[in-house]
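To start, the structure itself, in C-alpha cells.
The values are calculated or read from the model by the stated rules, or taken from the named source; none is laboratory data. If you're wondering where the values come from, they're calculated on a predicted model, not measured in any experiment. In this analysis, Cβ positions are derived from the backbone assuming ideal geometry, glycine residues included, and neighbour counts consider all displayed protein chains. Surface areas here come from the heavy atoms of the whole protein model, side chains and all, with no ligands, DNA or RNA. Shrake-Rupley method; radii C 1.70, N 1.55, O 1.52, S 1.80 Å.
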Amino acid sequence: MESEEKRSGLFTLLSNLGLDKFYPNKLKLKSLLEINKNSVYDEAVSSLEGIPWCFLRKLFKINSECRNCNLLSNNDNVKDKKNDGFDFDLYDTDDSVDNAVNLLDLIVALFLCADSFLQQEMALKMSICQFSVPLVLPHGNSSQCTLMLWALRDIVKEWRPHNISETKGFIENNIVQADIPFFSFVRLKNCSLSKSQCLNQILSLGQHNNNMFVHRDMKGGAHKREIASGLVEVCWYFPSGRENLDKFPNAIAFANLRGDLTQSLTQFNFLFQVSTATFVFLDKIEENEHKILTSLQDVRSKLFLVVNRKAREDMASVRTTAEQLDLSKNNVKTKDPQVNVVEFSEKLCETIKTSLENVKTTMTIENMLEKAVELGLSEDEGRGKNQKRIAEEIVKGIGVKPIPDYKNQQLPLQGENWKKLSGLEMEECRLKKASVDRLEEYKSHLQKKKQAIMEELGKQKPSKAMNSFMEQLSAKDKEGRDFFLRWMKLKLNAHLQSALQNSLLRQKLTWHFNKGTKDNQEMAELNQALLESSLGIEHYMREMGLIYEFSSQSPHTGDKVSQLPGLAAEMLLDGYPLELLDGDASNIPQRWVTDVLTELHKKVGEKSRLLVLAVLGVQSTGKSTLLNTMFGVQFPVSSGRCTRGAYMLFLRVGEDMKNQLNYDFLVLIDTEGLKSPSLAQLEDSYEHDNQLATFVIGLSDVTIINVAMENSTEMKDVLQIATHAFLRMSKIGKKPICHFVHQNVAGVSAHAKTMTERKLLLDQLNEMTQIAASMEKQDGMLFTNVLDYDMEKNNWNIPGLWHGTPPMAAVNTGYSEAVADFKRNLLETVKRDAGEGVSKIPEFLKWMKSLWRAVKFENFIFSFRNTLVANAYENLCKEFNQWDWDFRKEISSCQKAAEMEISNADNDAELHHLNDLVKLKKSEVSSNIKEQQKIMHQKLEDYYKRKDRHVNLIVRYKSEFFIRIDSLSKEIQRSANNDLACALEHKKSSIEAEKLQRKHREVIEEQVMKLLSDCKNRSLSDDELKEEFEKKWAEVTVNVTGLKERDIPAEILKQLKTNLSNQPVTEELNKITDLKEIGKDQFKAKKEHVKMKGLKNYLLQKDIKRELQSLANSTIGTLKQYVQGKAKTDRDYHDSFTKGLLEDADYLLQPNQKKYEPKFAAELKIHICGISSREFLHMHRKYLAKRDPKVKLEEKKQQYLADFIDIFRKRDHGQRKGIDYVKFCIKPAVEEYISRSLGEEIVDEICHSAEYSSRSFFQYNIQEELLQKHNFESFVKYIDEYEVFVKDWIFQNVMQKMSEGQTLSKVKTKLLQDIVNKITEALEQSTKCSDGTLLQENHEGIQELMSNVRKYLNKDISISVEDEKTTLFQIQCTRHQFIHSFQRSLEDLKKELQKEFSNSGDISDILIKLPTKPQDELFKRMFGCGHRCPFCKVPCEAGGKEHRQHHAAIHRPQGLGAYRIDDTEKLLESLCTTDVHSERTFMNADTEWEEKPYKAYATYYPDWNIPPDQTIQASDYWKYVLVTFNDRFAEQYDAKPADVPETWRSITKEQALTGLKEAFNVK
C-alpha cells in the first residue's frame, strides 16, 4: 500500500511539473543548449511546468538563484495585500501549497528524468555553484535506490592541504577518486535541530553562510517533501592552504541523508559502512530506533550522537543507548537551548577535527560501489561498461610510457611530419628561406617536399588505439558513442592528473622562472615538452581528421574512412566541439573541416545560416567560463593540458527565434589564451597569437575581447593584435561586432566610475589602430573608422565569478546575471542587424579557406583573396554591366531620336536655327544623361542595401563603382556631343546636296511639263515618247556637276599638328608634304626613340627598343581597327574621328612614356595618321559618290519617264505612285532604320550569354579557347596585341552567334516589324487635317497626308523631301487609291526584305558597316581600362576605365611578357605574384634603371594590386603554356628558352584548365 502511494506520489509530482513525458531518463542535454526565447529571456515562472526549466536554465548559467525557482511568482496577491486595511496573516492558511514544489523534490525529479549525460552536467554545475549533489538517488516508487557514481565522475576539484602549503603545491583530482575522509549526517524522525543548517555552518567561513545543503528556512525548503526522502547528498570541504581561513586542514566529504533514517535503512547502512564517521541528529531515541543503532558494528569510533536537548526524559533514552553502544562522552554532542546553531556547529567542527586525527583508512566514492551493490543499491554505470572497458584499453599505454611516446605510437599523424608540412605551407607563402634567384625552382622544391610528406602520411595506417576509437564513433548506438567519449575523457583526465611528468615539468619551469638569469632556450624546450605532454579527446579527434585528410594520398581508402566526416558532423549536431585550428601545428586540415561542415550542411537540409561568435583574451582571464556561462556549454579544457588552437561548437537556434535572428545555428569559437606565459618562450609565440586573432576575428560575426586591466602589458599586446585583425577585416569588407568585457568589475557605480577607463581603452584602441594602419601602409585611421564602436554600448562590466577565496568560495549571482544581460543585449543587436551578410556553411568554408591563406602571408591585406568576395564582386559587376547597358541604350535611343530630328529639320532653315536645334538636343540629351546617372546611383545604393549577395564584403568597392558611373556619364556625354556634332555636319552637307538636287529637279520637272505640252497634239507611240524624253533628259542633265571634295589629309594633318604642338617635333611635322604617302611601310622603333636616362647597359637598350617595337605594333593594330571601324560606315568623315584617334594613341602609349623619347610618340602618330588619311579620304569619296547629283538624277530617270508617259496617256497611275513611294522613299528609310538599330539589338541578344556576363568569365572563356586550340600564333597575339586580339575574338564570336539558327535574320525581322507597325500607325493617324476633317481626295490631300506621316515619324526615320516630291510629281489619283496602293506595297516590301534577310550574305560585312557596332559595344563592356601588369603584361580585369587599383586573377611567368635575364638572355620564368613577396629586385625605366625590391613595387605602381596566387595550381595555365612553347617564345622574343622548374614539365593540359577554373572561380 505504502509502495503504491509512493509511486502515485512520484507520477503526480512529475505530471504537475510537466516532466512525466521525460520519465525515466529521457531528458537530453542537447535540448537545453538550444538558443530560444526561454534561454535568452528570463521570464517569471507562471506555472508549475515552468519550474524545472527555470531551474535548469539558471543552473546552466551558474546562477545560484536557480534554487529560488521552486515557487511561482504571485504579484497579484502582493497587490491585494498592500491594499488590505487589515492583516489577517495569522488566520490565513498557506495558500502557496499548490504554487510551489519542494526544492529537493525538484532536484530528485530532474535527476530521475535526465539521461546519464545531463545528470553528469547537472551535478557538475551544482558543484560549481557549491551546492550539494545527489550521491544516492531514491526512485520514489520503492524500486532500488541508485548510487550516482557516474553523475559525479566529471567533477574535478583543486585544493591545497596544509601539509604541502609551504611548497605551494596542490592536489587536483576527480572527486569520485579522491581518497579523503567521508562524514555522514543522518537524523531520527523526532529531531528538531536542522542538520542541514549545522552542516552549512560547518562548511562556511565566519559569518558568511553558504547554503550548500537545502534546509527548512530556505525559500521553498519547508514545503512538504513528496519523493526526496531517502536522498543522500554529498558536499565537500577543500582547504586553500591558509590556516587562518581554513576550517579543516584536509579535504573532507560530507554526506546528508534526507528524512528519517528508519525509513531509509539501506541508505543509512550504506553510509555508516563507508563513512569515516556518522553523526546522528536526534531529540530522543525510541525503541525501534534503539534497535537499529545498537545493531551497528564498530560504532565506538564511527558513531556520534548529536542531541538537541529538550526534556529530561528524552535524555534518558539517549543515555541508555550510548551506554549500550559504549560511546564516550566525546561521541555524544548535546545542544543546549541557550546555544545557537552557529556556536554549536563550531563544537561539531572541533569534533570532526579530532576525529580526523584518528583516521587510518579512507574510501573513495568509486570504491564504495562494491559495498553499495552488496547492500542492494543499484549503480548508474551499467549501460556504459563495455565502452568503459574499450576506453581503458585505448589509454592503458599512457601509464606505461611517457605521453609524447604514446602519442608518437598511437597518434602518429599529428607528429613531426604534420608540423613539418604546416611549416612548408607557411614557407610556401612567405619564402623566408629562399635565395634571391630561382624562386620558382624553390617553390617547386617545396611542393616536392610537401608531396613526399603527404604521401608518407598517406601510407601511415591507423594505430590500434585509433581503430578502436573510430570503431566506437562509427557505432550506430549513439548513446554508446556518447558513453565511450565521456569515458575517454574521464580516463585521460585521470591519467594526466596522476602523471608525475607534468608536475616535474612544471616544477622545472617554476624553478627556471624564479632563477635570476633565465635560459630562454631551456625554458622553450621545457614549454614545448609541456605542450607535447598534453593529451585529450581532441587529440584523438585531430588524428581522426588527419587520417581522413591524408586518405586522398592512399589508394586503399576504405568506406570507414570516407564515413568519418559524416560521423563528425553528427557529433557537432549533438553538441561536441570540432577542432578548427590545430594550434600545435598552426594549421587547418582543410579537407577534413570542409567535408565535416559540408556533411553537416546536408544533414540539416542546407538550412545552415550561421552566426559566429568568438572570444579572445589573455590566458586565464575567464574566456571559456564566460562562454560556458552564457550558453551552458563545456569546451575541452581540463587540467594538465595546454591546448593550443581554436574550437567550434554548434548550437541550434530554436524555431521561436529563427525568424527574428535570421540564423539556424550559433557557432561558438573558443580559443587558447593569447600571451600565454607557458608559450611565450616559444619562437613563434607572437606570430602564432597574431595569426590566431586574425583568423578568429575574421571568421566571427561577433567578437568578444575579454579585457583584464590588471595584466596591462599583456592586455596592450592583445589589443594591438586584435585591432590589427579588425583593421585587416575592415579593409577586406568584413566588420564584425566587437564587445569588450571587463571582468571582476562590480558595484552599482561601476559604469560611472569606469568612464575614465573606457576612455583610456578607446585611446589605446585608437593608438593601436594607428600603429596597425601604418604597418598596412594606411594613415589617419581610428578604431571608430574600423568598427562601429560605441564606448557605452560595446563595453560590459562583469563582476567576479567567486564570492570569497576558492576552493570554498560561493559563486557570485551577479556574475551570472551580468553575463545573461550581456547575452540578451548581444542577441538583440544581432536581431536588429539580421539579414546583413548572413553566411551558410558553404560560404563560411570559402571565407575560412581564403582567410587562412591570407593569414599565412606576412602582408595580410595584400594577400587576401576570397571566393565569397570574388562572387559578391562578380554579382555586382553583372548587375552593373546591365545597368551600364541600360544607361547606354536609353541615351542612345534619345540621341538617335535627336539625330533624326536634326536630319528631318527643314532644309530651308537658317544655319543659326540648325545650330540652336543641335544645342537644344544636346541639352536634352545631357539632362537625360544626368537623370540616368542619378537612377544608376540609386540602383547602386539600393544594391548595397540588399540583405543577400554578401554586399557587406564589397563595401570597399562602393566608391569605385560610383566613380565608374560618373566616368560612364562623361564618356556617354562626350560621345553624344560628338555624334550630334556629326549629325549637324551631316545635315549641312545634306542640305547642300539636296539644294543642288532640288535645283536640278525643278529644271527637269519644268522641262518634262514643257515636253508634254510640245507633244500634246502629236500621236506618238510609247517608244517615240521615250525617244523624245531621252533627248530632253540628255539636254537638261548635260551640265550637272558633282559635290566638291574636301581635302581630308590636310584636315587630318591640321589636327595632328595641334595634338603635337607642345612636343619638340616641329622638324618632323615640317617634312610632311603628302600625308597620304606616309604609313605605307612598317613602323620601326629606332635607337633614338629609347629614353637613355639611367640606361647604361647596351643589352638593356636593345631590350627597350624591342619593347617599343612591340608597343608600336600593338598600338598601330588597335588604332587601325578604330580607323577601319569608322571608315566602313556610310557616313562622311568628321574631325572628331581624328581627335578620337589621337586621344586613343595617347591613352595606349601613356603607361610606357618613361621608356621613350617624345620623338617616338610623334612619329608613331604621324605613321597612323598617314594610314587614316587614306582610309578617311576613301570614306569621304564613297559618301560623295553616293550623293552625287548626277547619280541621284539617274536613279530618278525612270520615274520621270513613267510619269511623262502616264500623263501623256492620261492613265490613272495611283497604284504605281503608291508602289514608287514605298520603293523610293520608304524602303531607304526602313533600311536605314534597321541599320541604325541593328547594333543595339544584337548586343541585347548577346549580352546575356555566359561569356559576356562578367569580365572574369569573359577572360576565362578566351583563355580556355586558346588552350583548346593550342595555336602558338594566337597566344602571341593575345599576349602582345591584347586589344586587337580581344576585338577580333568578340567580332568572330558575334558572327558565330548571329549565324546560329538564323539569329541575325530574326533580329532584323523584329526591327522590320517594329518600323512597319510605326509606319502603318502613322498612316492611319495622318488622314485628317488639324481641325479633324478628312484630307481632300486629290493630289493636295496626298501631299498633305505624306507630310503628316513624315512629321509623325520625325524621331524614327528620315524620308527625303526631294525623293518624295519626285515620287509624287503630277500625281493623278485619289487619296484613298494612293493609301490602298501604299499599304499593299508596304506589305510587299516587308516580304521582300524578310526574304533578303533570310538569304543575307556576309555577316562580317553587315557588322562592319553598322553605325553602332555590336563588337565595339561588347568590347567597351568587357575590356576595361586596358592597362597591363608592369611585370608580366597580363591585362587588368577591373571594370571600366576609372578604378583605384588594377588587378588580375592570374599572372604569368614574366618571360611571356618578353622579359629576360640580362646576363644569360634567357626568358624569365618567375611569376610576379611570387616575386612581389620575395627578396628579389627589379629595375626598369620607372625606377630609372636602379634596382628596387619587388616588395616595394607599390611605390612605383601604386595603382596595381598583385596578390600572391590563391594556390600554387592557379598559375598552372601559363606555366603549361611557357613549357609547351618555350623554344618558340624564345625565338619570337629573340631570347633563349627559360629554365623552367622540373615540376612545371609534369603539368598536363587538364591540370592547366583546372588551374584556370580555380583562378576564375568557375565551377
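A few points about this structure:
- Within region 278-298, backbone nitrogen closer than 16 Å to the virtual label 7 Å beyond the Cα of R319 toward Cβ: 284-285
- Heavy-atom accessible area per residue - region 297-336, 1.4 Å, Å²: 59
- For the chain, the longest principal axis of the C-alpha atoms and the axis of helix 867-903 are separated by about 30°.
- Distance (nanometres) between label positions extended 7 Å along Cα→Cβ at R1444 and E1392: 6.1
- Projected label distance in nm at E1491 and E1273, using a 7 Å step from Cα toward the beta-carbon: 4.2
- Taking N as its residue count, the alpha carbon Rg of the chain over 2.2 N^0.38 Å: 1.30
- Between region 1318-1356 and region 781-853, the Cα center-to-center distance that results, in Å: 76
- Ranked order, D689, D217, D1416, D1363 - accessible area, probe 1.4 Å, largest first: D217, D1416, D1363, D689
- For region 1472-1563, accessible area per residue (1.4 Å probe, heavy atoms of protein chains only), Å²: 42
- Near the amide H of F254, within less than 5 Å, lie the amide hydrogens of F183, C235, W236, Y237, all on another chain or at least 5 residues away, with H placed in the peptide plane.
- Angle of helix 958-1015 to the longest C-alpha principal axis of the chain, folded into 0 to 90 degrees and rounded to 10: 20°.
- Between E1321 and N330, the simple label model (points 7 Å from Cα in the Cβ direction) yields a spacing of 11.6 nm.
- Binned Cα-Cα distance frequencies in region 1324-1403 - 5 Å width, integer %: 3, 13, 18, 22, 19, 11, 6, 4, 2, 1, 0
- In this structure, S8 and N367 have a Cβ-Cβ separation that, at R0 = 41 Å, corresponds to a calculated FRET efficiency of about 0.65.
- Cα-Cα over 32 Å, subset of K607/K939; K999/K1057; K970/K1355: K999/K1057
- Shape analysis of region 313-449 yields a ratio of the Cα radius of gyration to the Kirkwood radius, Rg/Rh, of 1.42.
- The trypsin sites (Lys or Arg not before Pro) of region 1144-1227 that meet both conditions, a loop assignment by DSSP and at most 15 other Cβ atoms within 10 Å of the site Cβ, are K1210, R1211.
- To the nearest ten degrees, helix 1022-1037 and the longest principal axis of the Cα atoms of the chain are 80 degrees apart.
- As a length-normalised measure over Cα pairs under 8 Å and 6 or more apart, the relative contact order of the chain settles at 7 percent.
- Lysine pairs within region 294-360, Cα separation less than 24 Å, 8 or more sequence positions apart or different chains: 19
- Whole-percent carbon and sulfur share, accessible surface of the chain, 1.4 Å: 47
- Antiparallel beta bridges, as assigned by DSSP with both residues in the chain, represent about 45 percent of the total such bridges.
- Length gained on full extension, K1076 to S1330: 85.8 nm, using 0.36 nm per residue less the C-alpha separation.
- Where N is the number of residues in region 923-1026, Cα Rg divided by 2.2 N^0.38 Å: 2.37
- Helix-only [θ]222 nm of the chain, DSSP H runs n ≥ 4, -39500 (n - 2.57) each, per residue, nearest 500: -18000 deg cm²/dmol
- Using a probe of 1.4 Å, the accessible surface attributed to Y1533 totals some 10 Å² when neighbouring protein chains are kept in position.
- When the chain is described by a simple charge dipole with +1 on each Lys and Arg Cβ and -1 on each Asp and Glu Cβ, the residue from S275, T321, N211 located farthest towards its positive end is S275.
- Maximal additional length on extending the K1120-D1022 stretch stands at 29.8 nm, based on 0.36 nm per residue less the C-alpha distance.
- Gyration tensor over alpha-carbon atoms, region 528-630, equivalent ellipsoid semi-axes in Å: 26, 21, 11
- Gain upon complete extension [S774, Y944; 0.36 nm per residue less C-alpha separation]: 58.3 nm
- Charge-dipole axis of region 1426-1563 as Lys and Arg at +1 and Asp and Glu at -1 on Cβ define it, positive-most pick from T1464, N1484, S1546: S1546
- Estimated FRET transfer efficiency (S1061, E879; beta-carbon r; R0 51 Å; 0.05): 0.70
- Legend: calculated FRET efficiency, E374 to K353, from the Cβ-Cβ distance at R0 = 25 Å, rounded to 0.05, equals 0.20.
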